[in-house]
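Take a look at the structure below.
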Amino acid sequence: MGLANVGFAQDGRLENIAGLFQRLAVTLGLAWQALLGLYLLRHRPEPRSARVVPEGRGSARTE
């Protein structure tokens, strides 16, 4: 986004491709968010009620 901002500020070298940098930044940001969401869905911790407490640790035991 920084390169897009410089281009939109009419820097002579980047003004012709500022939109490209902006679109790349938005696309990469959205792709990163989608991949992070998929990762978090696949690696969810199990609910507390499903955890088994070994004997001798804690007062309750789930079977």
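Note that segment 39-45 has calculated 3J(HN,Hα) couplings of 4, 5, 5, 7, 10, 5, x Hz, one per residue in order, obtained from phi through the Karplus relation 6.51 cos²θ - 1.76 cosθ + 1.60 (θ = phi - 60°); glycine and proline are x. Phi-derived couplings, Karplus 6.51 cos²θ - 1.76 cosθ + 1.60 at θ = phi - 60°, listed residue by residue for segment 21-34: 4, 5, 5, 5, 5, 5, 5, 5, x, 5, 5, 4, 5, 5 Hz, with x used for Gly and Pro.
None of the figures in this text is laboratory data; all of them are computed from the coordinates on show. Bear in mind the structure is a predicted one, so any value in this text is a computation, not a measurement.
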